[in-house]
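Presented below is the structure to which this report refers.
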Amino acid sequence: MVTDNTAYIGTSNWVGDYFIATAGIGMVIKSAESNQNSKIAQDLNEIFLRDWNSNYTTSVNDYDNYGNFLQ
């Protein structure tokens with residue numbers, strides 16, 4: 001998860017019972033100045049957008065509810 005000045009990197013799935021029933025690790029990186037953009041947060045956001053918009057991605061609308069590709 002990335003905001004303007006903070007980034008969270010972790011192994012946890014975003015499901016409530018994952019935080020209760022399993023162990024994981026996470027790290028929060030925040031800019032020292034809360035009103036400044038964090039360089040690491042900006043870099044992570046750019047990496048996400050690069051991957052999200054990659055030529056190797058496909059829309060979830062191209063698949064049915066079971067993950068089968070729709071012709």
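Couple of notes before you dig in:
- Applying the criterion of being in a loop (DSSP other than H, G, I, E, B) and over 18 Å from the mean Cα position of the chain (by Cα) to the residues of region 16-36, the residue that is farthest from Asn5 (Cα to Cα) is Thr22.
- Checking each residue in region 1-41 for being surrounded by fewer than 11 Cβ atoms within 10 Å (Cβ to Cβ) and hydrophobic (A, V, I, L, M, F, W, C) picks out Trp14, Val15, Ile20, Ala21, Ala23, Ile25, Met27, Val28, Ala32.
- Gln71 falls short on exactly one of the conditions (1) surrounded by 10 or more Cβ atoms within 10 Å (Cβ to Cβ); (2) assigned to a loop (DSSP other than H, G, I, E, B); (3) not acidic (Asp, Glu), and that condition is (1).
- Extreme residue, farthest from Leu70 (Cα to Cα), among residues of region 1-59 that are of a type in the set (Val, Ile, Thr) and in contact with a helix residue (DSSP H, G or I) (Cβ under 9 Å, 6 or more places away or on another chain): Ile29
- Residues located in region 1-17, provided they are farther than 11 Å from Asn37 by Cβ, of a type in the set (Ser, Thr, Tyr) and modelled with pLDDT of 75 or more: Tyr8, Thr11
- Residue pairs meeting the criteria (Cβ under 6 Å; at least 6 apart or on separate chains; first touching a residue at least 24 places away in the same chain (Cβ under 8 Å) and assigned to a helix (DSSP H, G or I), in region 41-64; second surrounded by 11 or more Cβ atoms within 10 Å (Cβ to Cβ) and among the aliphatic types (A, V, I, L, M)): Ala41/Val2; Ala41/Ala7; Leu44/Val2; Leu44/Ala7; Asn45/Val2
The values are calculated or read from the model by the stated rules, or taken from the named source; none is laboratory data. The model shown is predicted, which means the values in this text are computed figures rather than measured ones. Methodologically, a virtual Cβ is constructed for each residue, glycine included, from the backbone with ideal geometry; neighbour enumeration extends over all protein chains shown.
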